[in-house]
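Enquirer: Can you read through this structure? Questions will come right after.
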Amino acid sequence: MIKENLHTILQTLSENANLVAVSKTKPVAAIQEAYEAGQRDFGENYVQEMVDKHPQLPADIHWHFIGHLQSNKVKYIAPFVYLIHGVDSFKLLKEINKQAQKNDRVIDCLLQLHVAQEETKFGLDENELNALLSDPALAALKNIRVVGLMAMASNTEDVNQIRTEFKQVQNIFQQIQSRGDLPQNVQMQHISTGMSSDYQIAMECGSTLVRIGSAIFGEREYAR
Ligand SMILES: *Cc1c(COP(=O)(O)O)cnc(C)c1O
């Protein structure tokens, strides 16, 4: 089933979009099955769960952390995480830099932009994002690289609302890309938008990383 779902989704991806298979709450065996079907990028939301799964699975998996990351937990994933999607403060970026340095590596990060209507979704607004990117202390963080933006659309059936929000992410991404004052460790390449229910709309709005869980692995035991 997982294999078939995966192939179905891969066929619907646009040329520029890459798939992050969101395996949160799913067993190692399910990830292994997707791996054997060729999938290498997996997304997890919880630090402990990702740390538990990592040693049980092949070493060439790219582990994407897509949840809300607390500063005091960065150290657990810093040795192996491939991309951290939800960075929403300079403080967190500094801690990731510190832990990356300890592990003698550079960790790629996406800044999370808040575009949804819900109060509960994490992320920076446009002004906060621009302020962070203009912070003169950013260039000194040699062990991180900001490679793009991540966002979640409102949890709504209203397709126009979702499209408006994803377009907003794309516009802000393009504005940042065209800034001439960015430090070397900011290289805007990725837009991480789109989940099972809205990834088609996200791809129309420039998504390069779609994060898809339930359409591959089935419904989760508990709600997000
Ligand atoms: C759970 C989750 C997903 C995947 O959601 P599905 O609806 O199962 O595709 C994507 N992104 C984030 C941030 C998530 O927490």
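The values are calculated or read from the model by the stated rules, or taken from the named source; none is laboratory data. All values reported here derive from a predicted model rather than from experimental measurement. Counting neighbours? That spans all protein chains shown, and the Cβs are built from the backbone with ideal geometry, glycine included. All accessible areas refer to the heavy atoms of the entire protein, side chains included, with ligands and DNA or RNA removed. Shrake-Rupley method; radii C 1.70, N 1.55, O 1.52, S 1.80 Å.
Enquirer: With within 14 Å of the ligand (Cβ to nearest atom) and either open to solvent by 10 Å² or more (accessible area, probe 1.4 Å) or closer than 21 Å to Arg211 by Cα (or both) as the only criterion, which of Phe166, Phe80 stands out?
Expert: Exactly one residue qualifies, and that residue is Phe166.
Here is a yes/no grid of residues against (1) outside any strand (DSSP E or B); (2) open to solvent by less than 20 Å² (accessible area, probe 1.4 Å); (3) within 12 Å of the ligand (Cβ to nearest atom); (4) not acidic (Asp, Glu):
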position	(1), (2), (3), (4)
Gln161	yes, no, no, yes
Phe173	yes, yes, no, yes
His190	no, no, no, yes
Ser197	yes, no, yes, yes
Met203	yes, no, no, yes
Val210	no, yes, yes, yes
Ala215	yes, no, yes, yes
Glu219	yes, no, yes, no
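Enquirer: If you scan region 106-125, which residues turn out to be more than 18 Å from the chain's Cα centre (by Cα) and surrounded by 15 or more Cβ atoms within 10 Å (Cβ to Cβ)?
Expert: The answer is none; no residue qualifies.
Enquirer: With the checklist (1) more than 23 Å from Leu124 (Cβ to Cβ); (2) more than 13 Å from the ligand (Cβ to nearest atom); (3) aliphatic (A, V, I, L, M) in hand, flag the one item Val74 doesn't pass.
Expert: (1)
Enquirer: A further question on this structure: Inside region 27-51, can you point out the residues that are farther than 14 Å from Arg211 by Cα and open to solvent by 30 Å² or more (accessible area, probe 1.4 Å)?
Expert: Pro27, Val28, Ala29, Gln32, Glu33, Tyr35, Glu36, Gly38, Tyr46, Gln48, Glu49, Val51
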